[in-house]
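This report concerns only the one structure given below.
The values are calculated or read from the model by the stated rules, or taken from the named source; none is laboratory data. Bear in mind the structure is a predicted one, so any value in this text is a computation, not a measurement. Ideal geometry is used to build each Cβ from the backbone, glycine not excepted, and the neighbour counts take in all protein chains shown. Calculation scope for accessible area: heavy atoms of the full protein, side chains included, ligands and nucleic acids excluded. Shrake-Rupley method; radii C 1.70, N 1.55, O 1.52, S 1.80 Å.
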Amino acid sequence: MKKITYLLMMITTLGVVSCSDDNYDTHTGNENEGGLLTYKKSTLAYVVGNGNDFEYTADISVFQGEVQTLSVDVYKKFTNTDGVSSETVLLKSFTFPNVNQVENTSFTFTYDELRNGLTVNGAGLPDDDSNLNIGDYWELIFVSHTSNDKLHENAQRIKVAVGTRFAGTYKCISGFYYRIGVLTYTEADWPAETTVESVNSTTYRVKKYFGPFENTSTATGGDYYFTIDSNDIIGYPATTPDGVAQQGNAQPFITCLTNPGDMSDVNCGNSNFVIRDDVNGKDQLVMSFGYYTPGSGPRTFYQVMEKIVD
């Protein structure tokens with residue numbers, strides 16, 4: 001494997017570990033030399049207002065082969081909505097017991113732990129998490145220590161995205177996809193998890209998926225956007241925050257308001273609202289939307305997305 005010195009300067013500057021390019025490399029996922037971690041969630045939602053002591057949990061797995069992973073250092077890096085980043089600082093370390101071939105562990109962190117030691121433009125992060133901005137985020141960077149005395153930085157990181165209540169990971173508990181009026185897929189065809197991120201206090205971004213499909217709309221980065229107003233009504237803006245026309249699978253986006261005649265099969269009369277769960281946190285998003293393929297016709301979606309609560 002080609003050895004590289006990625007993050008070497010950062011680590012030695014922090015004084016956390018001392019290494020050279022002979023014992024440090026980056027895992028891309030194709031190596032079998034130990035140290036490769038997998039994460040239950042690659043994006044964690046940080047909810048503004050939860051407080052400085054609220055604990056968030058990251059779940060980690062490792063395959064223990066001939067070369068074992070002994071311990072992991074977790075680094076943190078903060079980036080604000082202007083794209084300005086902090087230095088990279090050690091958050092915490094943990095060990096694996098090395099008793100099973102596949103080992104699972106988790107660790108928790110709070111806002112106070114995330115902000116400690118980080119500065120942006122020479123200033124520390126806010127004392128109160130309510131002063132964070134929607135769209136701020138941390139990256140958690142993982143460096144594995146293996147039994148052959150190597151250090152491996154995992155190429156995949158965990159993003160801790162600052163958002164509001166309805167940001168998070170969702171599963172589809174009811175879903176219908178109609179292709180030109182023909183029911184083609186149901187909730188069993190939706191992905192196990194769909195990520196919803198906050199853009200601002202009322203606007204949300206759905207990552208990667210458009211109903212059961214991977215969204216091929218490159219013009220919008222493979223995402224689509226919706227809003228939730230003060231009455232918990234869901235709407236769909238005509239354009240993204242960057243001013244690009246909304247799309248679904250690279251086709252024009254349609255809604256119950258813009259194309260009611262094309263949306264009669266997806267329950268427009270009882271859709272596009274939020275059901276709050278103030279007891280268990282399993283909020284639901286009831287949504288109807290679609291896209292129109294010129295020369296062919298509408299593709300329409302109805303979905304009830306329930307927030308996954310660990």
(message) Show the residue pairs meeting these rules: Cβ distance below 7 Å; 6+ apart or different chains; first residue within segment 126-141 and under 16 Å from Val74 (Cβ atoms); second residue buried (at least 20 other Cβ atoms within 10 Å of the Cβ) and among the basic types (Lys, Arg).
(response) Trp138/Lys76; Leu140/Lys76
(request) Kindly list the number of the only condition in (1) in contact (Cβ under 8 Å) with a residue 40 or more places away in the chain; (2) open to solvent by 20 Å² or more (accessible area, probe 1.4 Å); (3) under 30 Å from Thr293 (Cα atoms) that fails for Ala188. (result) (1)
(request) Only residues in segment 98-119 that are farther than 22 Å from Gly83 by Cβ count as the first member; pair them with residues that are of a type in the set (Lys, Arg), Cβ under 8 angstrom, at least 6 apart or cross-chain, and list the lot. (result) Phe107/Lys92; Phe109/Lys92; Glu113/Lys92
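Might you check whether a residue that is part of a loop (DSSP other than H, G, I, E, B), crowded, with 19+ Cβ neighbours inside 10 Å, in contact with a helix residue (DSSP H, G or I) (Cβ under 9 Å, 6 or more places away or on another chain) and modelled with pLDDT under 95 occurs anywhere in segment 157-175?
Within segment 157-175, not a single residue is part of a loop (DSSP other than H, G, I, E, B), crowded, with 19+ Cβ neighbours inside 10 Å, in contact with a helix residue (DSSP H, G or I) (Cβ under 9 Å, 6 or more places away or on another chain) and modelled with pLDDT under 95.
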(request) From the list Val304, Val309, Val266, Val279, pick out the single residue that is outside any loop (DSSP other than H, G, I, E, B) and either without any contact (Cβ under 8 Å) to a residue 40 or more places away in the chain or touching a strand residue (DSSP E or B) at 6+ places or on another chain (Cβ under 6 Å) (or both). (result) Val304
(message) Suppose we keep only residues that are part of a strand (DSSP E or B) and either open to solvent by less than 20 Å² (accessible area, probe 1.4 Å) or among the aromatic types (Phe, Trp, Tyr) (or both) within segment 282-291. Which one would you say is farthest from Gly175 (Cα to Cα)?
(response) Tyr291
(message) For segment 74-92, which positions are assigned to a loop (DSSP other than H, G, I, E, B) and either over 15 Å from Ile158 (Cβ atoms) or within 18 Å of the chain's Cα centre (by Cα) (or both)?
(response) Asn80, Thr81, Asp82, Gly83, Val84, Ser86, Glu87
(request) Test Thr95 against the stated conditions and say whether it is open to solvent by 10 Å² or more (accessible area, probe 1.4 Å) and within 17 Å of the chain's Cα centre (by Cα). (result) no
(message) Restricting to segment 104-120, give me the number of residues that are in a loop (DSSP other than H, G, I, E, B) and either closer than 23 Å to Ser198 by Cβ or touching a strand residue (DSSP E or B) at 6+ places or on another chain (Cβ under 7 Å) (or both).
(response) 3
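Let's see how each residue does on (1) basic (Lys, Arg); (2) at pLDDT 95 or above; (3) within 24 Å of Thr164 (Cα to Cα):
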site: Tyr236; (1), (2), (3): no, yes, yes
site: Asp242; (1), (2), (3): no, no, yes
site: Pro252; (1), (2), (3): no, yes, no
site: Leu257; (1), (2), (3): no, yes, no
site: Gly261; (1), (2), (3): no, yes, no
site: Arg299; (1), (2), (3): yes, yes, no
(message) Can you report the number of residues in segment 257-270 which are surrounded by 18 or more Cβ atoms within 10 Å (Cβ to Cβ) and under 15 Å from Asp229 (Cβ atoms)?
(response) 0
(message) Name the residue that is least open to solvent (accessible area, probe 1.4 Å), counting only residues in segment 194-211 that are part of a loop (DSSP other than H, G, I, E, B) and without any contact (Cβ under 8 Å) to a residue 60 or more places away in the chain.
(response) Thr202
(request) Kindly establish whether Ser230 is in a loop (DSSP other than H, G, I, E, B), closer than 21 Å to Thr81 by Cα and either free of Cβ contacts under 8 Å to residues at least 12 places away in the same chain or small (Gly, Ala, Ser) (or both). (result) no
(request) With the checklist (1) hydrophobic (A, V, I, L, M, F, W, C); (2) assigned to a loop (DSSP other than H, G, I, E, B); (3) within 23 Å of Thr81 (Cβ to Cβ) in hand, flag the one item Ala219 doesn't pass. (result) (2)
